[in-house]
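> Please see the structure below; I have some questions.
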Amino acid sequence: MTVEVTKLQSGITVVTDTMPQLETAALGVWVGVGSRDERVNEHGIAHMLEHMAFKGTRRRSARQIAEEIEAVGGDLNAATGAETTAYYARVLKADVPLALDVLSDILSEPVFDRDELVREQNVIVQEIGAVADAPDDLVFEYLHAITFPNQSLGRSILGTVKTVRSFNDATLRDYLTRNYRAPDMVVAAAGAVDHAAVVDNVERRFANFIGPASPTADQARFGGGNHIERRDLEQVHIAMALPGVALTDPTVYSLDTFANVLGGGMSSRLFQEAREKRGLCYSIAAFHVPYSDIGMFGLHAGTEELMRVIVGEIAGAAETVAEPEIARAKAQMKAGLLMALESSSARINRLASNIIMRGRPIPIEELVEKIDAVTVETVRAAGRALIARGQMATAAIGPGSGLESAAAIAESLTRRAA
């Protein structure tokens, strides 16, 4: 690998992955905090801060930020997650110093202009409204809320209209100062980059980020139960979740493989049984989201009959998953990792996330080795353990009186393990 890592005296980690065949570079700043690091009165502030970072600094107006990057043919963006927030750019190799200057500027010198804040509050309120109007998105908001009840991990990243409207310069600065600390920050770059030059730029441009690591989020706990909302819709939307495992759990690759066998593609058990054989849905998928201290294994269904199929396939796979299915799932997982190597943007995301969540960049060879070590026995064991944990969260939106019975069918899966 061409990966180089330097930890600066301030605590910031700089990681680069040189790709000499490229003429462009992807680079960004990852902060190891997100929506789960918010206090109750700060619900949505991580996402709001991400928006406001582009709305003006002491050296640049919002328009100047956009124009300086686009004048050299680059682009600038950001993303807020539950446990990380990222600000990133893609530019030609000669413009890496400019991109680093802009990224450091928006994080260290934001002005939080009141007029810009009001405009962005309006934008986010529109986002909240768009989710409320999209039941296939809203059902997963409800699912998170009952999966992690009364916890920041269960709250929407967007916040509520009330909390978003309450933010001002003081609340934004308090969150920024408390959470954006050097030990929790990673600057990652890949493509046409020189490690020493990036380190030198970061040392000079990110000198304002000092202090100890930010406070650690509370340990998450899986809740469970049902959330049912009747609406006059054409379809029923039902999402269900079971307790998964944390990112660093030794069984995570086996459970990821179990999710892939169930609903990871057109050859998966759920797709073949629910769509190809029975014609019950257009698409169906299973997923596993591992966080730093807990995991969420989820599925999506549309009807009572489909829920019976899902429950049956989960229980069946835990006992009968076979070698050809495991081989296909492992091939898909490895292909996803290796294909991502062709993208400098995917590389920096993987590198930064691994350093924040695992403490070091994980070589692709090591990840492939872990996937190769998955067996029929470990996947079956992961499936049985998933069911045996005995908790279920179900969210349903749609017409009719079958929502409660569909939720009851979902809960029957965990009763099998009792």
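> State whether the residues of segment 80-96 include one that is over 20 Å from Glu42 (Cα atoms), crowded, with 16+ Cβ neighbours inside 10 Å and within 18 Å of the chain's Cα centre (by Cα).
yes
> Taking Arg221 as the residue in question, decide whether it is at pLDDT 90 or above and within 30 Å of Ser104 (Cα to Cα).
No.
> Can you name every residue in segment 190-207 that is open to solvent by 10 Å² or more (accessible area, probe 1.4 Å), modelled with pLDDT of 95 or more and aliphatic (A, V, I, L, M)?
The answer is Ala192, Val193, Ala196, Ala197, Val199.
> Report whether or not Arg165 is open to solvent by 50 Å² or more (accessible area, probe 1.4 Å) and within 20 Å of the chain's Cα centre (by Cα).
no
> Mind listing whichever residues of segment 168-189 are buried (at least 18 other Cβ atoms within 10 Å of the Cβ) and over 24 Å from the mean Cα position of the chain (by Cα)?
The one that is buried (at least 18 other Cβ atoms within 10 Å of the Cβ) and over 24 Å from the mean Cα position of the chain (by Cα): Thr171.
> Moving to a separate point now. Kindly check whether there is at least one residue in segment 52-61 that is surrounded by 24 or more Cβ atoms within 10 Å (Cβ to Cβ), over 26 Å from Val193 (Cα atoms) and in contact with a helix residue (DSSP H, G or I) (Cβ under 7 Å, 6 or more places away or on another chain).
Yes, that holds for at least one residue.
> Go over the candidates Glu120, Glu141, Glu109 one by one and state the one that is open to solvent by 10 Å² or more (accessible area, probe 1.4 Å), at pLDDT below 95 and not polar (S, T, N, Q).
Being open to solvent by 10 Å² or more (accessible area, probe 1.4 Å), at pLDDT below 95 and not polar (S, T, N, Q) holds for just one of Glu120, Glu141, Glu109, which is Glu109.
> Look through Thr24, Thr2, Thr16 and report the one residue that is more than 30 Å from Phe148 (Cα to Cα), open to solvent by less than 10 Å² (accessible area, probe 1.4 Å) and either among the polar types (S, T, N, Q) or at pLDDT below 95 (or both).
Thr16
> Of all residues being open to solvent by 50 Å² or more (accessible area, probe 1.4 Å) and in a helix (DSSP H, G or I) in segment 331-344, which is nearest to Lys7 (Cα to Cα)? Just the residue, please.
Within segment 331-344, the match that is nearest to Lys7 (Cα to Cα) is Leu338.
> Oh, and also: Can you go through Glu38, Glu67 and tell me which one is open to solvent by 10 Å² or more (accessible area, probe 1.4 Å), charged (D, E, K, R) and over 30 Å from Asn150 (Cα atoms)?
Glu67
> Output the residues belonging to segment 367-394 that are closer than 30 Å to Val236 by Cα, touching a helix residue (DSSP H, G or I) at 6+ places or on another chain (Cβ under 7 Å) and not in a helix (DSSP H, G or I).
If the condition is that a residue be closer than 30 Å to Val236 by Cα, touching a helix residue (DSSP H, G or I) at 6+ places or on another chain (Cβ under 7 Å) and not in a helix (DSSP H, G or I), then Gly390, Gln391, Met392, Ala393, Thr394 are the ones that fit.
> Another question, if that's okay. In segment 41-64, which residues are over 30 Å from Phe148 (Cα atoms) and among the charged types (D, E, K, R)?
Listed by number, the residues that qualify are Lys55, Arg58, Arg59, Arg60, Arg63.
> While we're on this one: Keeping to segment 310-330, report how many residues are open to solvent by 10 Å² or more (accessible area, probe 1.4 Å), of a type in the set (A, V, I, L, M, F, W, C) and assigned to a helix (DSSP H, G or I).
Selection size over segment 310-330: 2.
> Report, by residue number, each residue of segment 190-217 that is more than 19 Å from Thr84 (Cα to Cα), in contact (Cβ under 8 Å) with a residue 40 or more places away in the chain and out of contact with any Lys or Arg (no Cβ under 8 Å at 6 or more places or on another chain).
Residues satisfying the conditions are Asp194, His195, Ala197, Val198, Val199, Asn201, Val202, Glu203, Arg205, Ala207, Asn208.
> Further question: Would you call Ala382 of a type in the set (A, V, I, L, M, F, W, C), open to solvent by less than 20 Å² (accessible area, probe 1.4 Å), modelled with pLDDT of 95 or more and under 24 Å from Arg221 (Cβ atoms)?
Spelling it out, Ala382 is indeed of a type in the set (A, V, I, L, M, F, W, C), open to solvent by less than 20 Å² (accessible area, probe 1.4 Å), modelled with pLDDT of 95 or more and under 24 Å from Arg221 (Cβ atoms).
> Of all the helices (runs of 4 or more DSSP H) wholly in segment 121-217, which have at least 1 residues that are small (Gly, Ala, Ser) and under 25 Å from Asn354 (Cβ atoms)?
Passing ranges, in order: 195-205.
> Still on this structure, please answer the following. I'd like to check which strands (runs of 3 or more DSSP E) are fully inside segment 219-304 and have at least 2 residues that are farther than 19 Å from Glu319 by Cα and open to solvent by 30 Å² or more (accessible area, probe 1.4 Å).
Of the strands (runs of 3 or more DSSP E) lying wholly inside segment 219-304, those with at least 2 residues that are farther than 19 Å from Glu319 by Cα and open to solvent by 30 Å² or more (accessible area, probe 1.4 Å) span 225-230, 286-290.
> Hey, another quick one. Select, from Tyr291, Tyr282, the only residue that is of a type in the set (Ser, Thr, Tyr) and farther than 22 Å from Ile146 by Cα.
Checking each option against the conditions leaves just Tyr282.
The values are calculated or read from the model by the stated rules, or taken from the named source; none is laboratory data. Just so it is clear, the structure is predicted and the values come from calculations on it, not from any experiment. Note that each Cβ is placed from the backbone with ideal geometry, even for glycine, and that neighbours are counted across all protein chains shown. Surface areas here come from the heavy atoms of the whole protein model, side chains and all, with no ligands, DNA or RNA. Shrake-Rupley method; radii C 1.70, N 1.55, O 1.52, S 1.80 Å.
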